[in-house]
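Written out below as structure tokens is the structure these notes cover.
The values are calculated or read from the model by the stated rules, or taken from the named source; none is laboratory data. What you see is a predicted model, and the numbers here were worked out from it, not measured in a lab. When we count neighbours, we look across all protein chains shown, and the Cβ atoms used for this are built from the backbone with ideal geometry, even at glycine. Each accessible area value is taken on the protein alone, full model and side chains, heavy atoms only, with ligands, DNA and RNA left out. Shrake-Rupley method; radii C 1.70, N 1.55, O 1.52, S 1.80 Å.
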Number of protein chains: 2
Amino acid sequence: MPDSVVLAVDFGGTKVEAALVRPDGTLVVGSRLRAATGRSAELHDLEASVAEVVRHALGMLGELGSEARLIGVGIGCAGPIDREAGAISPLNVPSWRGYPMRALVERIVADAGHRVPVVLEMDGVAIVLAEHWVGAAQGAQNVMGMVVSTGVGGGIIAGGKVVVGKTGNAGHIGHVDVAGFEGENTFGNAHVLEAIASGPHTVAYARRNGFAGTTGEDLAAAYAAGDPVARAAIERCGRAVGQAIASATALLDLEVVAIGGGFSQATPDLFDFIRAQIATHHFDYVRKVRVVPSGLSGEGPLIGAAALIYRADLIPA
Amino acid sequence: MPDSVVLAVDFGGTKVEAALVRPDGTLVVGSRLRAATGRSAELHDLEASVAEVVRHALGMLGELGSEARLIGVGIGCAGPIDREAGAISPLNVPSWRGYPMRALVERIVADAGHRVPVVLEMDGVAIVLAEHWVGAAQGAQNVMGMVVSTGVGGGIIAGGKVVVGKTGNAGHIGHVDVAGFEGENTFGNAHVLEAIASGPHTVAYARRNGFAGTTGEDLAAAYAAGDPVARAAIERCGRAVGQAIASATALLDLEVVAIGGGFSQATPDLFDFIRAQIATHHFDYVRKVRVVPSGLSGEGPLIGAAALIYRADLIPA
């Protein structure tokens, strides 16, 4: 199907994006659009944002020539989700609790005249599929894809198949206990990775220790300039991420963990801090896990959403 | 194959056992034998113990009539293991590091005149298969089988298939971080579930708080008699187990966790402590995980070892 395309939708805590994605994992130029979501968004605004980006992408189908054919829609969403119902309750978007996201997109796509499968999974599932398909985890059978950003999330491939779990929520690495840190309980559980090592929580830790900046970018700049508090904060983030990866690897015997997300790019040294922590683990098989930067560009979440259709063979029913 | 049997071998930190197991998951009467292993055992003694229990079980084949046929050998072993090499390095048996256990059993079985497949997996894999086959997790597709005893271990079924991981070591729930406790670093990693909540570590915690007994049985008796230190120790164990199950469920979206092992039977209240901890979790899908006592008798590890052959369809290549 050389002219087939997939409509990819990525719904996150701060934005929703859509694009058309080709079978080789590239985006159709001009099809990508984003709109804001966020903690203060109202239900109606969110629906309008989704409709806007989806309609924009579908509008590009006509530009692809008469042979172009939409074969499916993949939606990656911030968790938790209810996979069977196609409903989402993103931590960061309080006004959507059990919102029927799949039905909304189905309706918009049907109104545009398309009758195709619409698949909804957690964004972490999309990410790990993208790493496996065209990113840093190609060829590996036991993989975690991770995002360290405003939140900390992920997805898992075990034995060559995506782990979705009973309700579609497997992959929440940000909600795994990490020992020996003081976390902040802003999004649910304290003492879990996200409450310690997300971008905002790492900045908050630095601020408690005298840092004057307010963003992850500020912290990255201070780190680059040799600021000792920034260094302590980013080292702490790396230790916590390393411990969580060690726990996940003890449990899943992973081969490779690919990490993306804005805050993961604060400094390449972050990966050294993560690896140094994992190197202290007692088990040989845990110490051997490879921790690498994501092989995806900023298009990763959309490529992953498209992979929900193109790589559907890796997803259990 | 009504008269087919499997030779099951369970190699643990304190003992090795073997038996013949029928296709319905029952043991052939008289075929079961155990011998000691343990921290002080020498290489030669360990090999002799394995040979003794294996030969005893094989010796019962003749009693089953001329139709009886050995169709395979399943070996469950304390981890870590090297699945591809069939080699084991049990934490509790320091004299075996990278020991070629599968080859040893293959040789003993071949010397007795049998040419059959010999499969070696971690004991946690055997346990979760047994719970799924004839125990407390029948019909579930996302399961953890756990043992809380001298050590803390487990195995995982995700999407209806066993998770083995890259080297065969998936399932080490005892080596997952648990926040907010002081662990003891006796078998590797501090701050992990096993270092906090195993039987011996729970007894050690009670002793640090004035308890005079020395065994898990002592602690169970003191708990039953209303001793407040024993209660605090077992409640602490339950909280730690609950946190680790919450982490594993956040990551794997499990449906049911079945817990066996001697110390898990210290008091039925232990399960209430575990469930009370999980009930504090922020995520609905985590709070919904069912935590139940193992549905297996003391024969569970042997039934699970036999399941490595009988339920081989659940194990990825």
Q: Kindly provide the Kirkwood hydrodynamic radius of segment A:228-317 in Å, to one decimal, from all pairs of distinct alpha carbon atoms.
A: 14.5 Å
Q.
Run the simple label-point estimate for B:ASP284 and B:ALA232 please: 7 Å along Cα→C-beta, distance reported in nm.
A. 3.9 nm
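With +1 on each Lys and Arg Cβ and -1 on each Asp and Glu Cβ, and nothing else charged, work out how big the dipole of segment B:139-293 is about its Cα centre, in Debye to the nearest 20.
Values: 11 positive and 13 negative charges, 53 e Å.
Using only the charged Cβ atoms, the result is roughly 260 debye.
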Q. Between B:ASP45 and A:ALA317, what is the label-to-label distance in nm when each label sits 7 Å out along the Cα-to-Cβ direction?
A. 5.3 nm
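Quick one: of A:LYS288/B:LYS161; A:LYS15/B:LYS161; A:LYS288/B:LYS15; A:LYS161/B:LYS288, which pairs are farther than 32 Å apart, Cα to Cα?
On the way: A:LYS288/B:LYS161 24 Å; A:LYS15/B:LYS161 35 Å; A:LYS288/B:LYS15 30 Å; A:LYS161/B:LYS288 24 Å.
Violating the 32 Å limit, Cα to Cα: A:LYS15/B:LYS161.
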Q.
With just the Cα atoms defining each centre, how far is segment B:231-250 from segment B:74-97? Give it in Å.
A. 27 Å
Q) Any idea of A:GLU67's accessible area? Nearest 10 Å², probe 1.4 Å. A) 140 Å²
Q: Please compute P(r) over all alpha-carbon pairs of the protein assembly as shown, binned at 20 Å starting from zero, and give each bin as a whole-number percent.
A: 20, 49, 27, 5, 0
Q) How far apart are the B:ALA317 label points across copies, placing each 7 Å from Cα toward Cβ, in nm, shortest first? A) 2.2
Q | Whole-Hz ³J(HN,Hα) from phi, Karplus 6.51 cos²θ - 1.76 cosθ + 1.60, for segment A:12-24, glycine and proline x | A | x, x, 10, 7, 10, 10, 9, 6, 9, 10, 7, x, 8
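Tell me the GluC sites (Glu not before Pro) within segment A:155-223 that lie in a loop according to DSSP and have at most 13 other beta-carbon atoms within 10 Å. Each step should come with its number before you reach the end.
Details: sites: A:GLU182, A:GLU184, A:GLU194, A:GLU217; in loops: A:GLU182, A:GLU184.
For GluC sites (Glu not before Pro) across segment A:155-223 that sit outside H, G, I, E and B with at most 13 neighbouring Cβ atoms in 10 Å, the list reads A:GLU182.
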Q. With the solvent-accessible surface defined on protein heavy atoms using a 1.4 Å probe, which residues belonging to segment A:218-264 display a reduction of at least 30 Å² in accessible area in the multichain context relative to the isolated chain?
A. A:SER247, A:ALA250, A:LEU251, A:LEU252, A:ASP253, A:GLU255
Q) How much accessible area per residue does segment A:245-317 have, in Å², with a 1.4 Å probe? A) 35 Å²
Q. Quick one: with all protein chains in place, what share of the accessible area of segment A:139-293 is carbon or sulfur, to the nearest percent (1.4 Å probe)?
A. 51 percent
Q. Where the only charges are on Cβ atoms (+1 Lys, Arg; -1 Asp, Glu), what is the dipole of chain A about its Cα centre, to the nearest 20 debye?
A. 300 debye
Q) When we measure straight from the Cα of B:LYS166, which aspartates and glutamates land under 20 angstrom away, once same-chain ones fewer than 8 places off are left out? A) A:GLU131, A:ASP253, A:GLU255, A:ASP284, B:ASP82, B:GLU84, B:GLU121, B:ASP123, B:ASP313
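Over chain B, what is the relative contact order in percent, taking alpha-carbon pairs closer than 8 angstrom and at least six residues apart? Please report the intermediate quantities before stating the final value.
On the way: 725 pairs, mean separation 60.9, N = 317.
Once divided by the residue count of chain B, the mean separation gives 19 percent.
From the P(r) of segment A:1-160, can you give the percent of Cα pairs sitting at distances over 24 Å?
Considering segment A:1-160, 33 percent of its Cα-Cα pairs are separated by more than 24 Å.
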Q: Among DSSP beta bridges lying fully in segment A:139-293, give the percent that are antiparallel, nearest 5.
A: 50 percent
Q) Shortest first and in nm to one decimal, what separations exist between A:GLY210 and its copies in the other chains, measuring from label points 7 Å along the Cα-to-beta-carbon line? A) 4.4
Q: State, in square angstrom and to the nearest 100, the accessible area buried between chains B and A, both chains counted, probe radius 1.4 Å.
A: 3100 Å²
Q) What figure in square angstrom, to the nearest 10, would you give for the accessible area of A:TRP133 with a 1.4 Å probe? A) 40 Å²
Q | Backbone HN-Hα couplings from phi across segment A:188-197 [Karplus 6.51/-1.76/1.60, Hz, Gly and Pro as x] | A | x, 8, 7, 6, 10, 3, 4, 6, 10, 10
Q: Would you mind computing, in nm to one decimal, how far apart the modelled labels at B:LEU64 and B:VAL29 are, each placed 7 Å from Cα along Cα→Cβ?
A: 1.6 nm
Q: Mind checking B:138-144 for the average number of partner chain beta-carbons within 10 Å of each residue's beta-carbon?
A: 2
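About the Cα centre of segment A:240-307, what is the dipole size in debye to 20, counting +1 per Lys and Arg Cβ and -1 per Asp and Glu Cβ, all else neutral?
Details: 4 positive and 6 negative charges, 19 e Å.
So the magnitude is around 100 debye.
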Q) What's log10 of I(q)/I(0) for chain B at q = 0.08, 0.11 Å⁻¹, Debye sum over Cα points only, no solvent? A) -0.35, -0.66
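Rounded to the nearest 500, what is the protein assembly as shown's calculated 222 nm mean residue ellipticity when only DSSP H runs of at least 4 contribute -39500 (n - 2.57) each, over all residues? Could you put the intermediate results ahead of the total?
On the way: 20 runs with 228 residues, N = 634.
Rounded to the nearest 500, the figure is -11000 deg cm²/dmol.
Of all DSSP beta bridges in the protein assembly as shown, what percent run antiparallel (nearest 5)?
Details: 46 of 90 bridges.
Among the beta bridges of the protein assembly as shown, antiparallel pairing accounts for roughly 50 percent.
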Q. Hey, got the average number of other protein chain Cβ atoms within 10 angstrom for residues in B:285-292?
A. 3
Q) Taking θ as phi - 60°, what are the ³J(HN,Hα) couplings along segment B:108-117 by the Karplus curve (6.51, -1.76, 1.60), each to the nearest whole Hz, with x for Gly and Pro? A) 4, 5, 5, 4, 8, x, 10, 10, 9, x
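Take B:ARG236, B:ARG115, B:ARG102 and sort them by solvent-accessible surface of the protein heavy atoms, 1.4 Å probe, largest at the top. Numbers along the way, then the final one.
Details: B:ARG236 15, B:ARG115 190, B:ARG102 50 Å².
So, going from the largest accessible area down, we get B:ARG115, B:ARG102, B:ARG236.
Can you give me the relative contact order of segment A:206-274 as a percent, contacts being Cα pairs under 8 Å and 6 or more apart? Walk me through the numbers before you get to the answer.
Values: 44 pairs, mean separation 27.0, N = 69.
Over segment A:206-274, the number comes to 39 percent.
Give the average, rounded to an integer, of partner chain Cβ atoms located within 10 angstrom of each Cβ in B:167-175.
Mean partner shielding for this stretch: 6.
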Q: Report A:LYS15's accessible area, 1.4 Å probe, all protein chains in place, as a number in Å² to the nearest 10.
A: 50 Å²
Q) How are the Cα pair distances of segment A:139-293 distributed, in percent, across 10 Å bins from 0? A) 12, 43, 34, 10, 1
